[in-house]
Ligand code: PEP
Ligand code: MN
């Protein structure tokens, strides 16, 4: 339920309504807009009749039911786009943020070289896996905490924040000690215990779409994170499973305007995992910007032929600079800021 406060309601009045919502057993999510404040009262659907009593409070203008099943992710509760700012990286509204780095952190030299190069070319956030979700238990699983330390060093050196994946609820505090943004990967996109745990971490979350998830399921997963009080959720389309085998997955470009239709959350695109081959990454990146995405996450490796994982889809540093030049030309035309 959306509790719409009367214009001019002070913080004190908002607080007292929040208290009342909590007394009824619901969580209160206040959104302070330019014109007025609304409070999302979110909880067990079966008890929603209890909220009717709020309409009698002096500073409450009206109660509006939220029709979508994803309540906090929905545009019904917040019409303006959510803009997520982490250090130099901004996603949403006019801003198009580019995240770049290797699939996985391998060595100090590899991580540093990549970080310095992508930073020079205009990336605003670093990426790199320290805990890797691998299809085979016999594949490299990541450097774990040592990888986090190398990411932190690269981040310090470049002044760019970094995002890295967390695989299990038990690892969230460790990863959150180092990372600026926590990534929930495609395979974990419906791991509800993990979604709840990252939602409590106090860090922004980059949520990948599962390869077999509908847009509605994607937004419901985001809802798990939002419902724990984390309002900085960055959605990431990374390709879905179809019958096509020429690419690793099929980039669902249409998901961008669809998410935009229903949600205020920013949505970025990972063209690397979608394509699976570096020669398609630039085309998909430009398509993402054209379709209204709020950013990109791209894999870059200084020597893709020797990459420990996903070398086929990694851009070389030179490919990445050329991608950034193309994006800049297009962003100018679309009045987006890179
Ligand atoms: C990644 O970004 O490192 C990754 C493993 O991607 P995905 O979860 O989309 O497969
Ligand atoms: Mn990868």
Does the range 270-292 hold any residues that are more than 19 Å from the chain's Cα centre (by Cα), within 16 Å of ligand 1 (Cβ to nearest atom) and surrounded by fewer than 24 Cβ atoms within 10 Å (Cβ to Cβ), and which are they?
276, 277, 278, 280
Which of (1) surrounded by fewer than 18 Cβ atoms within 10 Å (Cβ to Cβ); (2) farther than 26 Å from residue 225 by Cα; (3) touching a residue at least 60 places away in the same chain (Cβ under 8 Å) is the odd one out, the single condition residue 300 does not satisfy?
(1)
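Looking only at the range 96-119, filter to residues that are over 23 Å from the mean Cα position of the chain (by Cα) and touching a residue at least 60 places away in the same chain (Cβ under 8 Å); which one of those is nearest to ligand 2 (Cβ to nearest atom)?
106
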Take residue 199 and tell me if it is within 16 Å of ligand 2 (Cβ to nearest atom), touching a helix residue (DSSP H, G or I) at 6+ places or on another chain (Cβ under 8 Å) and touching a residue at least 24 places away in the same chain (Cβ under 8 Å).
no
Residue 89 fails exactly one of the following numbered conditions: (1) assigned by TED's automatic domain parsing to the domain that holds residue 219; (2) closer than 22 Å to residue 6 by Cα. What is the number of that condition?
(2)
Within the range 153-166, which residues are within 24 Å of residue 235 (Cα to Cα) and buried (at least 18 other Cβ atoms within 10 Å of the Cβ)?
155, 160, 161, 162, 163, 164, 165, 166
Would you check which residues across the range 241-255 are in contact with a strand residue (DSSP E or B) (Cβ under 6 Å, 6 or more places away or on another chain) and within 19 Å of residue 222 (Cα to Cα) and list them?
252, 255
State which residue pairs qualify: first residue under 23 Å from residue 252 (Cα atoms) and inside the range 174-195, second residue part of a loop (DSSP other than H, G, I, E, B) and within 15 Å of ligand 2 (Cβ to nearest atom) in any location, beta carbons under 6 Å apart, and separation of 6 or more residues or different chains.
185/133; 186/211; 186/238; 187/133
Is one or more of the residues making up the range 284-292 under 26 Å from residue 74 (Cβ atoms) and within 16 Å of ligand 2 (Cβ to nearest atom)?
no
Members of the range 120-143 that are crowded, with 21+ Cβ neighbours inside 10 Å and either more than 13 Å from ligand 2 (Cβ to nearest atom) or outside any loop (DSSP other than H, G, I, E, B) (or both):
123, 124, 125, 126, 127, 129, 143
Out of the residues in the range 176-188 meeting the condition of being outside any strand (DSSP E or B) and touching a strand residue (DSSP E or B) at 6+ places or on another chain (Cβ under 6 Å), tell me which one is farthest from ligand 2 (Cβ to nearest atom).
180
Listed residues 268, 225; which is under 30 Å from residue 28 (Cβ atoms), touching a strand residue (DSSP E or B) at 6+ places or on another chain (Cβ under 6 Å) and within 16 Å of ligand 2 (Cβ to nearest atom)?
268
Single residue of the range 1-23 satisfying the filter (in contact with a strand residue (DSSP E or B) (Cβ under 7 Å, 6 or more places away or on another chain) and assigned to a loop (DSSP other than H, G, I, E, B)) that is nearest to residue 48 (Cα to Cα)
1
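The values are calculated or read from the model by the stated rules, or taken from the named source; none is laboratory data. Just so it is clear, the model here is predicted, and its values are computed rather than measured. Cβ sites come from the backbone with ideal geometry, for glycine too, and all protein chains shown count toward neighbours.
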